[in-house]
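Written below as C-alpha cells is the structure these notes are about.
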Amino acid sequence: MFKFLKDKVKGALDKINQKVEDEVPEEETEVIEEVIEDTPKLNKEEINEVAEAPKKGIVGKIKHSFSTKKINDSKFDELFFELEMALLENNVALEVIDKIKKDLKEDIVDKPIKRGEISKKILESLRSSIESLFDVGTIDILQEVKKKLDKPYVICFIGVNGAGKTTTIAKFANMLKNEKLNVLMVAGDTWRAASIQQLEEHGSKLKVKVIKHNYGSDPAAVAFDGIKSARANNIDVVLIDTAGRQHSNKDLMRELEKIIRIAKPDLNIFVGESTTGNDCVLQVQQFGDVVEVSGIILTKADVDEKGGAAVSMGYVTGKPILFLGKGQGYEDLEVFDKQSVMDSLGI
Ligand code: GDP
C-alpha cells in the first residue's frame, strides 16, 4: 500500500538533504540556554552567565555554539520543488501540498538547524503536517448504532459506479454481524444489471436478509420497504445500496435526493476508489452538493500504490475517512487509522 508515494517522498528527502549539504553554507550559531536546577545538563563549569534575578528553579544560563545551516525563503522553494513533485505525482491534492509547504516553511525557513539534522527536522515537520491532515474527527459507528433507541440505524452508501459500494456493504454487514447486531440490506441499485443479484448472493452467504424490488423500480420505495421491514423485525441496522452515479447525471442525483428524503439515513457514507486520487476528492465535493456526506470509505487501498486520496480526502473535504477497503473478502475492511497510513508512508 502507498509504496510509490513512500519511495518518492524518501527520494525527495534524500535529494533535499544532499542539496543542503552541498549548497547551503555553514555558520556558527550561539544559543543561550537556561539551566534548570537538578537537570542532568547542569554542569557548573559550563555556566558562564548567571541570571541576575533567576526565576524559580533556574540557576543560570549556558552559552552553546553550534555549526548550523539556515535555509532562506528562495532556497526553500527550490528545495521543496522536489517534494512537491513527489506529492503531485502520487495524487496528493494541491490544497494539501500548499498546506504542507506552509507548515514546513514555518518550521524551517531562516531557522538555524544543527548540521546533520536537516533531514530529521524536515521529516519531523512533514510528519506533524501530514498527521494534522487527519484532524477531522471520526464517527464511531458501532457506538452510534448501539446508542440509537429508535431502531433501525440507517446507513446509505453512495458513490460512482464500480467504486465498490455493493462489496463494501457486504463487508459492513459482516462486521456488524460479528458485533452481534441484526442487519438488513436494501437493494437500492435498481439500475445496474445484476446489482440486485450481487447483493442477494452476499445476503445468502452472510445470512443477511435483503429487501428488493424489480429492476427499474423506484429505489426510494425499496428503501422505504426495507426500513418498514426492519422496524417490524427488530433489526438494528439497515444498509442501503444505491446506483452508481456521476454528479452530472441530474436524474440520478434527483433520485438520490428522494432516497435520502424518504429513508432519512443516520449516515451517508461516500464510497470511493482510493486509486482514483484527486477524482475521488472531487466526487465527494460534488455529491456534497446534493447529500450531506457524513464520512468516507476508500476502497481498493490494497492496490493503491500512490495513496494521495488517503492523505488528502479528510483535509480537503472536511469529512473523515472511516474505513479502508483492502481486498475483496468480507474481512477486508479496516477501520481507518492515521498511524497505519503514516507507517505505510514511512514517516
Ligand atoms: P459498485 O458498483 O460500487 O457496487 O462496486 P462493486 O461492489 O460491484 O465492486 C466493483 C469491483 O471492485 C468488484 O470487482 C469488487 O470485488 C472490487 N472491489 C471492491 N472493494 C475492493 C477492495 O477493497 N479491494 C479490491 N482489490 N477490490 C475491491
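The values are calculated or read from the model by the stated rules, or taken from the named source; none is laboratory data. Keep in mind the model is a prediction, meaning the values are calculated, not measured. Using ideal geometry, Cβ is built from the backbone for each residue, glycine included, and neighbour counts are taken over all protein chains shown. Ligands, DNA and RNA are excluded from the accessible area calculation, which covers all protein heavy atoms including side chains. Shrake-Rupley method; radii C 1.70, N 1.55, O 1.52, S 1.80 Å.
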Check your understanding: Any idea which of Val154, Val208 is closer than 20 Å to Phe323 by Cβ, out of contact with any Pro (no Cβ under 8 Å at 6 or more places or on another chain) and in the same structural domain as Ala263 (by TED's automatic domain parsing)?
Key -> Val208
**Study point:** Leu176 vs. criteria away from the ligand (no atom under 16 Å from the Cβ) and in contact with a Lys or Arg (Cβ under 6 Å, 6 or more places away or on another chain)
**Key:** no
Study note, to complete from the structure: Within the stretch 284-323, the residues that are of a type in the set (D, E, K, R) and either buried (at least 18 other Cβ atoms within 10 Å of the Cβ) or within 13 Å of the ligand (Cβ to nearest atom) (or both) are Lys300, Asp302, Asp304, Glu305, Lys306, Lys319
Review point. Looking at the stretch 230-259, which of its residues are more than 16 Å from the ligand (Cβ to nearest atom) and in contact with a Phe, Trp or Tyr (Cβ under 6 Å, 6 or more places away or on another chain)?
Key: Val237
**Study point:** Residue count for the stretch 145-180, restricted to those that are closer than 16 Å to Ile227 by Cα and open to solvent by 20 Å² or more (accessible area, probe 1.4 Å)
**Key:** 4
Check your understanding: Any idea how many residues of the stretch 216-245 are of a type outside the set (Val, Ile, Thr), open to solvent by 10 Å² or more (accessible area, probe 1.4 Å) and not in a helix (DSSP H, G or I)?
Key -> 6
Check your understanding: Is the stretch 205-215 home to any residue that is in a helix (DSSP H, G or I) and within 16 Å of the ligand (Cβ to nearest atom)?
Key -> yes
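Would the stretch 270-280 turn up any residue that is polar (S, T, N, Q), modelled with pLDDT of 90 or more, within 24 Å of Thr190 (Cβ to Cβ) and under 18 Å from the mean Cα position of the chain (by Cα)?
Applying the first criterion (polar (S, T, N, Q)) to the stretch 270-280 yields 274-276, 278.
Still in the list and also modelled with pLDDT of 90 or more: 274-276.
Still in the running and within 24 Å of Thr190 (Cβ to Cβ): none.
For the stretch 270-280, residues polar (S, T, N, Q), modelled with pLDDT of 90 or more, within 24 Å of Thr190 (Cβ to Cβ) and under 18 Å from the mean Cα position of the chain (by Cα): absent.
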